[in-house]
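Novice: Here you go, one structure.
The values are calculated or read from the model by the stated rules, or taken from the named source; none is laboratory data. Note that this is a predicted model, so its numbers are computed, not measured. Cβ sites come from the backbone with ideal geometry, for glycine too, and all protein chains shown count toward neighbours. With ligands, DNA and RNA removed, areas are computed over all heavy atoms of the protein, side chains included. Shrake-Rupley method; radii C 1.70, N 1.55, O 1.52, S 1.80 Å.
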Amino acid sequence: MENLKMLPRLTDNHVIPQKISKMKVKCAAQVFSQRVSSLMAFLASQKIIDVDARGTANLCLFFDQLFDSVNGSYSKIVDGKKYRTAITMKSNHFDLWEKSLPVLHSMVFIDSKSQKRQRPPTVKNWEKTIRGLKAIFKFLHSKGIKSVLPQNLNQDSLENFFGSSQYGM
């Protein structure tokens, strides 16, 4: 039983603050995921963990969907992930983004030492990314393009190239 893990992809590098790599998007995506959300919500519903963990489960699902919506790479829904698809005029992206903007805008972080409330650039940049994708798609659609795979618009490939080169970034 000791080798039984409900979330086998998660390691100390995902959850222990001193071990978390700040520049690993993959790690963040694995923590803020549908799997983590589902497990946390189930455990909270069974009172195995604090029932207030449902809020954290909802936050994980929120970011999972948001991340999928800006990294879609499929033309059709795969594994029930409706936001990991192409942006079209009829896709669910626009509804998600409209609901996400006020949520993101309301987010603040409290500095553990000073207790000061602040909005980190990351949250502001999510808002810019969403607004930018909406504008890009609307422009491309006006030029006759019917769908866009958002994964093709991000800089991951460039970052991966430089990250694997001898020069780094």
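Novice: Under 7 Å between Cβ atoms, at least 6 apart or on separate chains: pull out the pairs that start in segment 4-16 with a residue that is closer than 15 Å to GLN34 by Cβ and end on any residue that is open to solvent by 100 Å² or more (accessible area, probe 1.4 Å) and at pLDDT 80 or above.
Specialist: The qualifying pairs are LEU7/ARG35.
Novice: Anything in segment 5-40 that is out of contact with any Ser or Thr (no Cβ under 9 Å at 6 or more places or on another chain), small (Gly, Ala, Ser) and either open to solvent by 90 Å² or more (accessible area, probe 1.4 Å) or assigned to a helix (DSSP H, G or I) (or both)? List them, or say none.
Specialist: ALA28, ALA29, SER38
Novice: Would you check if there is a residue in segment 134-154 being among the basic types (Lys, Arg), modelled with pLDDT of 90 or more and closer than 19 Å to SER33 by Cα?
Specialist: no
Novice: For the list (1) in contact with a helix residue (DSSP H, G or I) (Cβ under 8 Å, 6 or more places away or on another chain); (2) surrounded by fewer than 11 Cβ atoms within 10 Å (Cβ to Cβ); (3) closer than 25 Å to SER147 by Cβ, I need the number of the one condition that LYS90 fails.
Specialist: Every condition holds for LYS90 apart from (1).
Novice: Same structure again: Contact list please: Cβ distance under 7 Å, first residue in segment 100-125 and without any contact (Cβ under 8 Å) to a residue 24 or more places away in the chain, second residue exposed (fewer than 10 other Cβ atoms within 10 Å of the Cβ) and not hydrophobic (A, V, I, L, M, F, W, C), pairs at least six apart or on different chains.
Specialist: Here the result reads VAL108/ARG117; ILE110/ARG117; GLN118/ASP111, each pair linking segment 100-125 to a residue that is exposed (fewer than 10 other Cβ atoms within 10 Å of the Cβ) and not hydrophobic (A, V, I, L, M, F, W, C).
Novice: Does segment 94-115 contain any residue that is in contact with an Asp or Glu (Cβ under 8 Å, 6 or more places away or on another chain), surrounded by 11 or more Cβ atoms within 10 Å (Cβ to Cβ) and in a strand (DSSP E or B)?
Specialist: no
Novice: Let me ask you something else. Conditions: (1) open to solvent by less than 70 Å² (accessible area, probe 1.4 Å); (2) in contact with a strand residue (DSSP E or B) (Cβ under 9 Å, 6 or more places away or on another chain); (3) within 30 Å of ILE136 (Cα to Cα). LYS76 meets all but one. Number of the miss?
Specialist: Only one criterion is unmet by LYS76, namely (1).
Novice: Looking at ASP79, is it out of contact with any Phe, Trp or Tyr (no Cβ under 7 Å at 6 or more places or on another chain), at pLDDT below 90 and of a type in the set (Asp, Glu)?
Specialist: yes
Novice: Would you confirm whether or not segment 44-62 contains a residue that is among the hydrophobic types (A, V, I, L, M, F, W, C), touching a residue at least 60 places away in the same chain (Cβ under 8 Å) and closer than 22 Å to LYS26 by Cβ?
Specialist: no
Novice: Moving to a separate point now. Within segment 119-151, how many residues turn out to be in contact with a His (Cβ under 7 Å, 6 or more places away or on another chain) and surrounded by fewer than 16 Cβ atoms within 10 Å (Cβ to Cβ)?
Specialist: Count: 0.
Novice: Looking at (1) assigned to a loop (DSSP other than H, G, I, E, B); (2) open to solvent by 50 Å² or more (accessible area, probe 1.4 Å); (3) closer than 27 Å to PRO150 by Cβ, can you tell me which one THR56 breaks?
Specialist: If we test THR56 against (1) assigned to a loop (DSSP other than H, G, I, E, B); (2) open to solvent by 50 Å² or more (accessible area, probe 1.4 Å); (3) closer than 27 Å to PRO150 by Cβ, just (1) comes out false.
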